[in-house]
Amino acid sequence: MSILFSPLSRADVPLLTAWLQAPHVRAFWDDGERDEAAVEAHYFAPERDAPGFLFGVEGTAVGFLQIYPVGPEAEFAAFAAATGETWGVDLLIGDVACTGQGPAAIRAFLTRWQAERQGALRRLLIDPEVRNVRAVRAYEKVGFRTLARRGNLLIMALDLSAESGE
């Protein structure tokens, strides 16, 4: 299975908007941005430091992933690695027929992101809702482990070694 990533573009806004409106997405990713103008304003804000990517399986776009640095001022700074870079990641499967692709998408993106960060990446964080059991299981398949619970969110980490990049 081939999973490819492309940076989110303004041309992708209608598709991302449709995914954000889908009931299976809204159940766990309900950020309130529901029309195209609001989605575009949010995901293309000049101050935004969370690059977004569409990902496709066998040439068909099926989901969205965004990644953001976890620095000293970040919400999850207490969960950052002691050395190296820590990044947070959010993922949604927009095409309901493709649920189950999360682990493969994260693995594929991780390979890409490790290469881009040139060995500096030490930890990825993700924060699924506790009741999103399917996502939690998917992240555990990739190697994420639960560090803490904050309200209705689990803080999960995937630690990577400096030597192997994993």
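The values are calculated or read from the model by the stated rules, or taken from the named source; none is laboratory data. Predicted model, so just to flag it, every value in this text is computed and none were measured. For neighbour counting, all protein chains shown are included, and Cβ atoms are generated from backbone atoms with ideal geometry for every residue, glycine included. Surface areas here come from the heavy atoms of the whole protein model, side chains and all, with no ligands, DNA or RNA. Shrake-Rupley method; radii C 1.70, N 1.55, O 1.52, S 1.80 Å.
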What are the residue pairs meeting all of these: first residue in region 83-104, first residue without any contact (Cβ under 8 Å) to a residue 12 or more places away in the chain, second residue in a loop (DSSP other than H, G, I, E, B) and open to solvent by less than 50 Å² (accessible area, probe 1.4 Å), Cβ atoms under 8 Å, and 6 or more apart or on different chains? none
Within region 73-86, how many residues are open to solvent by 30 Å² or more (accessible area, probe 1.4 Å) and within 19 Å of E116 (Cβ to Cβ)? 4
For residues that are among the hydrophobic types (A, V, I, L, M, F, W, C) and modelled with pLDDT of 90 or more, scanning just region 29-44, find the one that is least open to solvent (accessible area, probe 1.4 Å). V39
Condition test on D95, is it modelled with pLDDT under 95 and crowded, with 17+ Cβ neighbours inside 10 Å? yes
So which residues in region 153-164 are open to solvent by less than 20 Å² (accessible area, probe 1.4 Å) and either over 20 Å from L92 (Cα atoms) or hydroxyl-bearing (S, T, Y) (or both)? L160
Please enumerate the residues belonging to region 88-129 that are more than 13 Å from the chain's Cα centre (by Cα), part of a helix (DSSP H, G or I) and not charged (D, E, K, R). V96, A97, C98, T111, Q114, A115
When region 105-152 is checked residue by residue, the ones that are crowded, with 17+ Cβ neighbours inside 10 Å and aliphatic (A, V, I, L, M) are A105, I106, A108, L110, L121, L124, L125, I126, A135, V136, A138, V142
Selection from region 51-60 of residues modelled with pLDDT under 90 and either in contact with an Asp or Glu (Cβ under 9 Å, 6 or more places away or on another chain) or open to solvent by 20 Å² or more (accessible area, probe 1.4 Å) (or both) yields V57, E58, G59, T60
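Can you tell me which of R10, R26, R48 is open to solvent by 70 Å² or more (accessible area, probe 1.4 Å) and within 20 Å of V89 (Cα to Cα)? Working first, answer last.
Values: R10 fails: within 20 Å of V89 (Cα to Cα); R48 fails: open to solvent by 70 Å² or more (accessible area, probe 1.4 Å).
That would be R26, the only listed residue that is open to solvent by 70 Å² or more (accessible area, probe 1.4 Å) and within 20 Å of V89 (Cα to Cα).
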